[in-house]
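To start, the structure under review is shown below, and the notes come after it.
None of the figures in this text is laboratory data; all of them are computed from the coordinates on show. Here the structure is a predicted model, which means the values were calculated and not measured. For neighbour counting, all protein chains shown are included, and Cβ atoms are generated from backbone atoms with ideal geometry for every residue, glycine included.
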Amino acid sequence: MLLSAAVMLLAMANVFAQGIDTTLVIKNHEIKIYDNNNKISVKVYEMRDGVRVSREPVYESRYNSETYGTERTMTIKVPFGSKETYTYSSDSVTVKKSCRKHRRYLEQQLPILYFNYMNISNGDIAVVSPYIKQRPVSFEWGMYFPMTIFSTGNRTVFGMATGFGFSNSYNQFDTKYVMAKNENGDMAMRTLAEHTAGQFDEASKSYLRYWSFRLPLTMQLQWKVGGKPLTVSAGAEVEWRVGMRSFAKYDGAKRTICDKVNYKPFGCNAIVQVGYAGVIIFSRMGLTDMFDSPALGSAYQFTAGIGFNF
């Protein structure tokens, strides 16, 4: 605004004659304008606590040099501001303004840190495995290292994002059951009494734990609401599961029931999320079966929780 006002004052005062060197002082800003060889240069200084601080470079302006008094056009470009065109003659100045859009980019909305409640179902979210506790004691925590692939750069931003993530998943079972291997070597849910030959009927804790590495690919649509990004995104991710083990705590100690779980290490998930101002509601649904065992039947992971993008 200060630059535009300064240029307007100079234009109306016929400052485009050769050899003009002018200094304007507006509030605590000092604006120096040089006109040399048909090029206007502007330098801006700001007074801060008695100290003269340079604010250059501010903008660059070029205009056609013709015989004084004829109609000429000058375009002033101000970074991240408006674009103003001045058409002037010896007795008038016409100003035409056009708003220059700020180029926006996709603000990444894959959660950098997230916590999810999780469950295992047979493919129908409403049907939960009878071995999983109904209370929210099964959970997953993880992190993503996000990256934007492309974005449209318009007011409403559309883009694609990916990243690299890892997580630790913890499925707690009913304490009367443990995940073990049956006589055929396949994974199966057995009662603790069966596993301990009748010595213990119930454990204080029984659960399955494993690590996952994930590669997501999401399509994201983003708006600015109240100055903050509102993002809706959906996509899919490839998952690599490692280190799956079954544990139970009984007789005063945590015991490994099975560390060679017969599971499928690779899977694919669908992910949907809504994010605003760095807080993300996050959900994931497994699209591939988790176990390679007829005794367990179909088992798909489902998670829903909250994430944060700092």
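How many angstrom lie between the Cα centre of the stretch 245-264 and the Cα centre of the stretch 218-242?
36
Where Lys and Arg each count +1 and Asp and Glu each count -1, what net charge lies around PHE310 among other residues with Cβ under 15 Å from its Cβ? Numbers along the way, then the final one.
Numbers: positive: LYS228; negative: GLU107.
That works out to 0.
Quick one: work out the % antiparallel among DSSP beta bridges in the stretch 165-246, nearest 5.
Details: 30 of 30 bridges.
Around 100 percent of the beta bridges assigned by DSSP in the stretch 165-246 are antiparallel ones.
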